[in-house]
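These notes concern the structure reproduced below.
The values are calculated or read from the model by the stated rules, or taken from the named source; none is laboratory data. As the structure is a prediction and not an experimental result, all values here were calculated from the model. Using ideal geometry, Cβ is built from the backbone for each residue, glycine included, and neighbour counts are taken over all protein chains shown.
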């Protein structure tokens with residue numbers, strides 16, 4: 001089965017998620033344009049008819065002025081109300097869809113491997129969730145909705161003129177086809193290339209600017225600061241050149257539409273003059289035809305800009321298409337047999353591009369409530385093994401079974417939010433008492449109670465305002481709130497001083513009672529929590545030694561002391 005193109009997939013997404021609202025908005029857009037066109041044509045007919053009646057000395061006795069006047073007022077109100085309704089309905093539907101899409105993309109990009117690849121360049125993740133998603137709104141607001149309004153206008157106005165004379169209706173439809181189809185086709189190739197160049201240049205500019213700001217110290221120390229600054233200026237120049245190409249294309253398209261817009265009323269004037277000579281039209285009808293020809297091209301102006309941005313929209317849709325389908329939950333590993341918290345069977349794993357597998361045939365069982373520490377030399381694959389246990393990497397061979405689990409890594413991820421908000425990430429439905437209980441278990445409740453705002457104290461970016469030890473305790477409180485039966489810990493006290501680390505470990509040991517615990521570590525103080533040590537060597541093999549065995553103390557002695 002052929003895979004649909006990115007724009008077709010995006011249109012299918014729009015249709016699946018918001019078709020009722022988007023159809024209503026397109027209908028309102030069409031009615032608004034039609035009301036404007038009809039208002040101008042009817043007004044021209046009415047003014048001409050009343051002027052002719054007055055000039056003939058007949059007054060208005062023989063002319064019905066009430067129904068045309070009422071229709072003009074109705075069309076004016078309809079145009080205003082339709083415009084407002086179209087803006088409210090169309091923009092609300094589009095923005096709501098894009099907001100939901102950002103959430104789905106965020107979840108999709110958090111799938112195994114995807115998030116890790118993006119974390120190497122976090123600016124790319126921000127670009128996908130902001131600029132790329134923003135580019136998608138042009139498809140409906142600047143292309144599909146104006147196209148629907150233009151089609152409805154051409155069909156109704158062309159059909160109405162055909163009732164007067166078939167040649168008038170046919171001529172109007174042909175002129176609109178030239179504007180609606182010919183101009184976009186003429187622009188398509190150059191516009192798509194320019195739009196893609198602009199999107200690429202904008203992303204490159206952002207990436208280089210972020211690298212410049214974030215890496216000033218390193219760039220200065222290595223003598224690369226000026227080179228990086230020049231690369232930013234080069235990206236800015238490329239963006240300006242792409243903008244210039246798009247502006248020139250927009251100007252050419254505007255000139256083409258304007259020229260046709262000027263020729264169409266002139267052609268209509270010639271046509272109605274001939275029909276007047278044949279007495280096939282009245283003078284008021286002739287005025288109406290000319291004014292309808294003048295107004296009928298209105299929706300094509302908005303369509304022109306949508307065509308210019310189509311390349312940017314297509315490129316964004318192509319990059320995001322694989323991620324906007326709802327991903328399976330991250331915790332979707334099958335459950336292990338009863339009595340076990342974690343099972344690995346014949347697991348094999350190779351990093352992308354690596355010459356040899358990191359693991360071959362690794363098997364492991366962790367019982368419910370058991371505490372296990374994975375130790376070994378740096379580079380042996382301890383953190384990768386933990387990722388496999390967490391479901392954040394997918395093994396190429398074998399399988400992993402695990403109970404619901406939570407991970408506490410080396411880095412504490414905190415957000416610019418209140419203490420309460422950072423805790424509720426782990427348990428959105430937790431009440432006040434539950435939050436305080438978790439803080440007490442983490443040894444942080446006394447400090448939080450002493451704060452003037454308590455749980456509503458705001459943190460800065462990345463948890464600014466907390467010491468490193470306080471940040472680890474807050475992460476521990478979040479771990480406790482998750483309530484998962486399996487805890488996976490990656491060097492949880494790395495970077496903490498001895499006293500703070502021992503306090504965190506003591507709290508962690510108490511809070512983990514009854515839960516299975518897997519620690520990846522090279523520190524003795526962390527490994528001492530374990531009932532069993534798994535010794536991972538550089539060849540990816542696992543040996544084990546249990547507490548009480550002769551080799552247990554020797555294995556601890558080989559680890560780095562506090």
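Couple of notes before you dig in:
- Matching option when the condition is at positive phi, crowded, with 19+ Cβ neighbours inside 10 Å and either in the same structural domain as residue 544 (by TED's automatic domain parsing) or modelled with pLDDT under 90 (or both), among 353, 376, 361, 369: 376
- All conditions but one from (1) under 31 Å from the mean Cα position of the chain (by Cα); (2) farther than 30 Å from residue 346 by Cβ; (3) touching a residue at least 60 places away in the same chain (Cβ under 8 Å) apply to residue 410; the one that does not is (2).
- Filter result for residue 201 (without any contact (Cβ under 8 Å) to a residue 60 or more places away in the chain, under 31 Å from the mean Cα position of the chain (by Cα), more than 30 Å from residue 34 (Cα to Cα) and surrounded by fewer than 18 Cβ atoms within 10 Å (Cβ to Cβ)): no
- Number of the condition not met by residue 180 [criteria: (1) without any contact (Cβ under 8 Å) to a residue 24 or more places away in the chain; (2) under 20 Å from residue 37 (Cβ atoms)]: (1)
- Residue within region 475-494 that is at pLDDT below 80, touching a helix residue (DSSP H, G or I) at 6+ places or on another chain (Cβ under 7 Å) and in a helix (DSSP H, G or I) present: no
- Of all residues in region 189-228, those that are over 24 Å from residue 128 (Cα atoms) and assigned to a helix (DSSP H, G or I) total 11.
- Just one residue in the set 161, 170, 139 is surrounded by fewer than 22 Cβ atoms within 10 Å (Cβ to Cβ) and touching a helix residue (DSSP H, G or I) at 6+ places or on another chain (Cβ under 9 Å); that residue is 170.
- Against the list (1) buried (at least 18 other Cβ atoms within 10 Å of the Cβ); (2) within 30 Å of the chain's Cα centre (by Cα); (3) not in a loop (DSSP other than H, G, I, E, B), the condition residue 289 fails is (2).
- Count of residues meeting criterion [part of a helix (DSSP H, G or I) and either in contact with a helix residue (DSSP H, G or I) (Cβ under 9 Å, 6 or more places away or on another chain) or surrounded by 10 or more Cβ atoms within 10 Å (Cβ to Cβ) (or both)] in region 423-433: 3
Let's see how each residue does on (1) within 30 Å of residue 351 (Cβ to Cβ); (2) modelled with pLDDT under 80:
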{"site": "95", "(1), (2)": "no, no"}
{"site": "114", "(1), (2)": "yes, yes"}
{"site": "125", "(1), (2)": "yes, yes"}
{"site": "131", "(1), (2)": "no, yes"}
{"site": "137", "(1), (2)": "no, yes"}
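For (1) out of contact with any helix residue (DSSP H, G or I) (no Cβ under 6 Å at 6 or more places or on another chain); (2) under 20 Å from residue 378 (Cβ atoms); (3) surrounded by fewer than 16 Cβ atoms within 10 Å (Cβ to Cβ); (4) without any contact (Cβ under 8 Å) to a residue 24 or more places away in the chain, each residue gets a yes or a no:
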residue	(1), (2), (3), (4)
510	yes, no, yes, no
532	yes, no, no, no
540	yes, yes, no, no
550	yes, no, yes, yes
553	yes, no, yes, yes
560	yes, yes, yes, no
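Residue by residue, here is whether (1) touching a strand residue (DSSP E or B) at 6+ places or on another chain (Cβ under 8 Å); (2) in a helix (DSSP H, G or I); (3) assigned by TED's automatic domain parsing to the domain that holds residue 358; (4) farther than 25 Å from residue 501 by Cα holds:
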site	(1), (2), (3), (4)
385	yes, yes, yes, no
398	yes, no, yes, yes
415	no, no, yes, no
435	no, yes, yes, no
441	no, yes, yes, no
462	no, yes, yes, no
